[in-house]
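**Q** Quick one: the structure is below, questions incoming.
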Amino acid sequence: MTNYIDLHTHSTASDGIYSPTELLRRAKEIGLRVLALTDHDTTGGLNEAIAAANALDIDLIPGIEINTDVAGGEVHVLGYYPEYKRPEFQAVLKVLRDARERRGQRMVELLNEHGVTISWERVREIARGAVGRPHVAKALLEAGYVQTIGEAFDKYIGTNCFAYVPRYRLTPEDAVRLIASANGLPVMAHPLDLPGLAELRNWLPDLVDAGMVGLETYYGPYKPEDERALRALADEYGLIPTGGTDFHGPGIHPTPLGGRPVPYEAVERLKAAAQRRGKTPPSFELPPPVQEK
Ligand code: AMP
Ligand code: ZN
Ligand code: FE
Ligand code: FE
C-alpha cells in the first residue's frame with residue numbers, strides 16, 4: 001500500500017482551510033495521484049478542483065459528505081461520483097445549506113444572549129462556503145473566548161451545550177438515498193466514531209438496503225486491528241473498503257493530507273461501480289425539518 005491516494009478531504013467550500021486549487025497544489029507537492037474532495041453538504045468546490053486536478057494531472061474523484069444525526073451523535077455519509085449537476089440534487093443541498101445559515105445565526109444569537117459576543121457577520125466571513133460549527137468555533141477562538149477549537153465544542157457548541165442548535169435532521173438512510181438519487185456511491189464515513197464496531201453489524205443491513213456500497217476502512221487514526229475488523233465486515237457485506245485522512249488543513253484532524261495509505265483497489269472498485277450504474281437514479285424526497293430551538 002502506498003500513500004498516493006486520499007479519498008476524504010475538505011476545502012473552503014465547506015470547513016477546510018485551503019481552496020480547492022490550493023488543496024490540489026499541496027496534493028501534487030506530496031505526490032498524490034488520486035484525490036477525492038468531499039465537502040460537507042456542498043459540491044461548490046468541485047468545478048474548481050476538477051480544473052486544478054486536470055492542470056496537475058491528478059485523478060480528482062468528485063465527492064460530498066453528508067452529516068446525519070442519530071441518538072448520541074452524528075453519522076457521516078460520503079458520496080463518490082455523484083452526478084452533482086443534477087438540479088434536483090442541488091435543490092436538496094441548497095435546502096440543507098440554507099438551514100445551516102439559519103442554524104448558524106441562531107447559535108450566534110444564543111451565544112450573544114449569554115454574553116458571548118461574537119457576530120454572525122464574522123462567522124459568515126470565516127465560513128465563505130457552507131457554514132458549520134467549526135466556523136463558529138473559529139470566531140470564538142478569535143474573540144478570545146476559548147484557547148482551542150476543541151474547547152469551543154466542549155464549552156459552547158457541542159451537542160450538549162447551551163448554544164448548540166441541531167442541523168436539518170437527516171438519518172443515515174436519508175443521506176444514503178440522497179446520494180443514490182444523484183447516482184453517487186454512498187459510503188459510511190469513519191464508522192468507528194459512530195455507530196462503533198459493536199453496533200455496526202446491526203446497522204449495515206438497512207444501510208445496504210438503502211443503497212450504501214462502501215465502508216470507510218482506512219481512516220486517518222484507525223488502528224491496524226480496527227482496520228482489519230472493518231475490512232472483514234466490508235467483505236462480508238460486499239462493501240467497497242475506502243479510506244482517507246479527512247484533511248481540513250493543518251492541526252484540525254490528526255492526519256496530514258495523504259497521510260493514510262489506501263489500497264488502489266478502493267479506487268478501482270469505486271470506478272467500476274460508477275461504470276455499472278444506471279441512467280435513471282431513484283428519486284429522493286427530503287423529510288420534513290424538525291422544530292428549531
Ligand atoms: P456541523 O456539521 O456544523 O454540526 O459541524 C460538525 C463538524 O464539526 C464535524 O464535521 C467536525 O469536523 C467538527 N467537530 C465536531 N465536534 C468537534 C470537536 N469536539 N472538536 C473539533 N471539531 C469538531
Ligand atoms: Zn469538516
Ligand atoms: Fe466526517
Ligand atoms: Fe470529513
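**Q** Scanning the range 228-272 for residues that are buried (at least 22 other Cβ atoms within 10 Å of the Cβ) and hydroxyl-bearing (Ser, Thr, Tyr), which turns out nearest to Leu141 (Cα to Cα)?
**A** Per the stated criteria, the residue is Thr245.
**Q** Going through Pro282, Pro224, Pro289 one at a time, which residue ends up being open to solvent by 60 Å² or more (accessible area, probe 1.4 Å) and within 16 Å of ligand 1 (Cβ to nearest atom)?
**A** The unique qualifying residue is Pro289.
**Q** Need pairs with beta-carbon distance below 8 Å; first residue in contact (Cβ under 8 Å) with a residue 60 or more places away in the chain and over 17 Å from Glu29 (Cα atoms) and within the range 245-258, second among the hydroxyl-bearing types (Ser, Thr, Tyr) and surrounded by 17 or more Cβ atoms within 10 Å (Cβ to Cβ); sequence gap 6+ or separate chains.
**A** Close Cβ pairs satisfying both conditions: Asp246/Thr9; Asp246/Tyr219; Asp246/Thr255.
**Q** If the Cβ limit is 8 Å and pairs must be 6+ apart or interchain, which residue in the range 110-138 that is of a type in the set (A, V, I, L, M, F, W, C) and outside any loop (DSSP other than H, G, I, E, B) pairs with which residue that is surrounded by fewer than 21 Cβ atoms within 10 Å (Cβ to Cβ) and modelled with pLDDT under 95?
**A** Short answer, once both residue conditions are applied: Leu110/Val165; Ala137/Ile149.
**Q** Here is a list: Thr42, Thr38. Which entry is among the β-branched types (Val, Ile, Thr), closer than 14 Å to Leu60 by Cβ and either within 16 Å of ligand 1 (Cβ to nearest atom) or surrounded by fewer than 24 Cβ atoms within 10 Å (Cβ to Cβ) (or both)? Quick ask: steps written out before the conclusion?
**A** On the way: Thr42 fails: closer than 14 Å to Leu60 by Cβ.
Checking each option against the conditions leaves just Thr38.
**Q** Counting just the residues of the range 85-109 that are of a type in the set (A, V, I, L, M) and in contact (Cβ under 8 Å) with a residue 24 or more places away in the chain, which one comes out farthest from ligand 4 (Cβ to nearest atom)?
**A** The extreme case among them is Val108.
**Q** Could you list all residues from the range 14-34 that are open to solvent by less than 20 Å² (accessible area, probe 1.4 Å) and within 16 Å of ligand 2 (Cβ to nearest atom)?
**A** Ser14, Gly16, Pro20, Leu23
**Q** Residues Glu151, Glu216, Glu142: which one is open to solvent by less than 20 Å² (accessible area, probe 1.4 Å) and at pLDDT 95 or above?
**A** Residue meeting the stated conditions: Glu216.
**Q** Need the failing condition index for Leu207 against (1) under 18 Å from Val77 (Cβ atoms); (2) open to solvent by 40 Å² or more (accessible area, probe 1.4 Å), just the number.
**A** Failing condition for Leu207: (2).
**Q** So which residues in the range 100-115 are surrounded by 19 or more Cβ atoms within 10 Å (Cβ to Cβ) and more than 16 Å from ligand 3 (Cβ to nearest atom), if there are any at all?
**A** Of everything in the range 100-115, those that are surrounded by 19 or more Cβ atoms within 10 Å (Cβ to Cβ) and more than 16 Å from ligand 3 (Cβ to nearest atom) turn out to be Arg103, Gly104, Met107, Val108, Leu111.
**Q** If we scan the range 4-15, do we find a residue that is aromatic (Phe, Trp, Tyr) and either without any contact (Cβ under 8 Å) to a residue 60 or more places away in the chain or within 16 Å of ligand 1 (Cβ to nearest atom) (or both)?
**A** no
**Q** Just to confirm my filter: which strands (runs of 3 or more DSSP E) fall fully inside the range 1-92 and include at least 2 residues that are farther than 30 Å from Thr159 by Cβ and more than 14 Å from ligand 3 (Cβ to nearest atom)? Full working, then the answer.
**A** Numbers: elements: 34-37, 59-70, 73-80.
Here the list reads 34-37, 59-70.
The values are calculated or read from the model by the stated rules, or taken from the named source; none is laboratory data. Everything numeric in this text was worked out from a predicted model, so none of it was measured. As a convention, Cβ positions derive from the backbone with ideal geometry for all residues, glycine included, and neighbour counts pool all protein chains shown. The area values use the complete protein model at the heavy-atom level, side chains included, leaving out ligands, DNA and RNA. Shrake-Rupley method; radii C 1.70, N 1.55, O 1.52, S 1.80 Å.
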